[in-house]
Structure formats: C-alpha cells, structure tokens
Amino acid sequence: MEIITIPCLEDNFAYLLICPNTQQAAVVDPSETAPVQKAIEKHGVELTTILNTHHHWDHVGGNKELKAKYPELIIYGHESDRGRIPEQTVFLKSGDEVCFGEQTGTFLHNPGHTSGAITFVFGKTAFTGDTLFAAGCGRLFEGTPEQMHDSLNIQIGGLPDDTELYFGHEYTVANLRFALSVETGNTEINKKLAAVTTLRSSGKFSTPTTLAEERRTNPFMRCSSAEICATVTSREPGHNLSEKEVFRTLRELKNNF
Ligand SMILES: [Zn+2]
C-alpha cells in the first residue's frame, strides 16, 4: 500500500492510501477537497473510500464535496458518529473490517478526544487522527483522562513496536518542547527535537512516527517514568499518584503550556 501525505488547512494531514493491485484509493480525513483532488489526479487513482477518524470539521470538511463528485464513495466512521460525519455510509462496530481495493484493515475504538474516535490499522501502518500525535495526544473534548490513557497505552500501545503512526496535525515541535519541560533528562526528546526542527525548516513534515519512538518520547505514553512522576507530584505534593492520575495531570499541564 502506498501512502501519500496531503497537507491541508493550516496544520492538518489527510492521507491518500493507494492499493497497488487495483489503483483504487482511500483518503483518511479529507478536511478540504482541493488538495485531495490534486493528489488523486497526480497519482491517477480511483477514489473509492473515505476513512474518517472522528467527526471534527477539520477531518470531515471535504466529505460532502467529494461524495457529490464521486457518488459511489464508501465513507467509514465509528457507529457512534452517526449523524455527525457528513455522508457516512459505514457505521463501524467492534470486530468490523475496513476495506478498499484489495486492502483489508481493522480499527481501534479510541475514546478520549471524541467519543467515537478511531485509529485505522492496515498491517504495520496506523492512522491515529487526533488521538495520538508525535510526542503528544489530542485534547479531551468528549472523554475522560482514563479513557484517553487506555486508548493510547492499551489500544494503540498494543500494536507492534515498529508500527508506523500517521497522525492528524503537525504539532510535533511544540509537543516535544512540552515533553522536555516535564522530562528534562530524556536525551531522546532532545535528539528528536533537533531532528524535527531541521525537517521543518526545510519544509518537510514529521509524520509518520513509530510506536517505538513514541514510547521513548511521548510523555502521555511514559506516565511511569520516574522523572515525569516527580515533575507531576511536585504539583500535587503529598499525593501518591497512580499512572492514570499522572496522565490526567500531564494533560492539564499541557493545556496550560
Ligand atoms: Zn479533532
């Protein structure tokens, strides 16, 4: 499967997934139509499918126009997003498969950022939307810190270490700066910050990351790190915080960073 990153809006990513056997394609989170259309034409593929990770406008904004242009489009989203994802045709529930061309994938239900947030998984490639960003995670609009903790650490965290993670926004530099502020002794964060800063200054993007890299640099997947625990506990002295309480406090710190 070939994956084309399509920068959209200010800092969003859509992704064009191409089945090499059929030249049919799926697009993940088309926030707008024009750049997606351009990529379809450039690669000469037939768009058959939209994969929406969640209902936010900056992930589904192109659905209506694309469906008008390609009436046969199949549009996947979680069953609980019924009525919130424009033109949705497939309402995913536990155990369902996700198909386009000759590609078959699965999905993880990841409540936290929204209640119907999902990650699409095709082999060792996953599309995390606004649940996991490189070195960060989405804000908690519709879920609890406990849900988001499990979505990241149990659901996505249960994938193989070398899974490539394609995320929804280019927030990596800011996220790494926050990560460093709560774990100043983590040299992996410094290394990645230097590498991503160089990438960005040459106009390139930091997507994808890998699960192994996130385990080393993403504070929201490192709630048992002694240094992160010490940073967080200094904010709530006298408390012996559980891993999920550390997660909750980290998320609050990030909101105000
Ligand atoms: Zn969102």
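Observations, loosely collected:
- Residue in the range 9-18 that is farther than 23 Å from Ser115 by Cα, more than 16 Å from the ligand (Cβ to nearest atom) and surrounded by fewer than 22 Cβ atoms within 10 Å (Cβ to Cβ) present: no
- Evaluation of Cys99 against the conditions (1) surrounded by fewer than 18 Cβ atoms within 10 Å (Cβ to Cβ); (2) away from the ligand (no atom under 16 Å from the Cβ); (3) under 13 Å from Gly116 (Cα atoms) shows that the sole unmet condition is (3).
- Matching option when the condition is charged (D, E, K, R) and either in the same structural domain as Val28 (by TED's automatic domain parsing) or within 20 Å of Phe13 (Cα to Cα) (or both), among Lys191, Lys204: Lys204
- Only helices (runs of 4 or more DSSP H) whose full extent lies in the range 168-244 are considered here, and the ones with at least 1 residues that are touching a strand residue (DSSP E or B) at 6+ places or on another chain (Cβ under 8 Å) and of a type in the set (S, T, N, Q) are 172-182.
- Every residue from the range 108-158 that is surrounded by 24 or more Cβ atoms within 10 Å (Cβ to Cβ) and among the aromatic types (Phe, Trp, Tyr): Phe120, Phe127, Phe133
- Looking only at the range 47-57, and only at residues there that are touching a helix residue (DSSP H, G or I) at 6+ places or on another chain (Cβ under 8 Å) and more than 25 Å from Leu140 (Cβ to Cβ), the one that is surrounded by the most Cβ atoms within 10 Å (Cβ to Cβ): Ile50
The values are calculated or read from the model by the stated rules, or taken from the named source; none is laboratory data. Being a predicted model, the structure only gives us computed values, none of them experimental. With ideal geometry, Cβ positions are generated from the backbone for all residues, glycine too; neighbour counts draw on all protein chains shown.
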